[in-house]
Amino acid sequence: MWKLQQSIPKRFLKGTRAASYDFRVSYPARLLATRGEAPGQTKEACQQLAGCRFRSRDGDVAVRVSMKRDPRIWRAIVALGSLAPNGHRPTKYLTIYQAYEELAPFPREDLAALRHALAHSPAVLSRRRTVQRLESLFGTTNIDLEDMKHQQVFWSLFGELLIEVDEMISAVLQGWMDAHRHGRDT
């Protein structure tokens, strides 16, 4: 089973909360577009779907989400599905953060500070709270992902970001399932 924890290198996973967190979303993926019933339907008219396995209160189920139903959840599942064990670390973080930012009404300060540090030069970081948070996490605003201590902090925050996204997706999917069970359309 592909688990979100596998996107964190094993040597860093042990030091993260993600190592013991019980993710409810697994196998996230962008699904092939499906054609409707009408012959000759254009590609643009096809639904764009994202899917995953979701461990609900009622058990493990396969879930499909169309972009039309909820673009935020669709993009979050697609973002999680784009993760690979290898890859450019800042890009991985920024991809997942973008989904997180769209779902979270108030992003966590530590996660937002790392996002700013990865996306901007240290010289242009001007928000006092962001600078303070980065200095408390890394000892500097200049993040060096070749430095072992910086890597440990990065992967710990990456794990926290995955947990936050999993919790938000899970809350929405569980809400849909509860509404469906009670005969309410969502």
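Each value in this text was obtained by applying a stated rule to the coordinates, not by laboratory testing. It should be emphasised that the depicted structure is a prediction, and the values quoted were computed from it without experimental measurement. For neighbour counting, all protein chains shown are included, and Cβ atoms are generated from backbone atoms with ideal geometry for every residue, glycine included.
Assorted remarks:
- With Cα atoms, 0 to 90° folded angle of helix 109-119 axis to the chain main axis: 80 degrees
- Net length gained if the chain between Arg53 and Leu94 were fully extended (0.36 nm per residue, minus Cα distance): 12.4 nm
- Total formal charge among the other residues, if their Cβ is under 10 angstrom from that of Phe158, Lys/Arg +1 and Asp/Glu -1: +1
- Radius 11 Å from Cβ of Thr140, net charge of other residues (Lys, Arg +1; Asp, Glu -1): -2
- Degrees separating the helix 148-181 axis from the principal Cα axis of the chain, which is the longest one: 20 degrees
- Using a simple spin-label model with pseudo-atoms 7 Å out from Cα toward Cβ, Glu167 and Thr140 lie 3.2 nm apart.
- For Ser82, net neighbour charge (Lys/Arg +1, Asp/Glu -1) across residues whose Cβ lies under 11 Å away: +3
- Legend: calculated FRET efficiency, Ser26 to His182, from the Cβ-Cβ distance at R0 = 25 Å, rounded to 0.05, equals 0.45.
- Our estimate of slack between Lys149 and Arg69, defined as 0.36 nm per intervening residue step minus the Cα-Cα distance, is 24.6 nm.
- Per-residue ellipticity at 222 nm computed for the chain from its helices equals -15000 deg cm²/dmol, with DSSP H segments shorter than 4 residues left out and the rest contributing -39,500 (n - 2.57).
- GNM result for the chain, Cα springs below 10 Å: residue of Arg75, Arg127, Arg115 fluctuating most strongly: Arg127
- Charge dipole (the chain, unit charges on Cβ, about Cα centre) - positive-most of Phe23, Val63, Val131: Val63
- In summary, the chain shows an alpha-carbon radius of gyration equal to 1.15 times the 2.2 N^0.38 Å reference for compact globular proteins.
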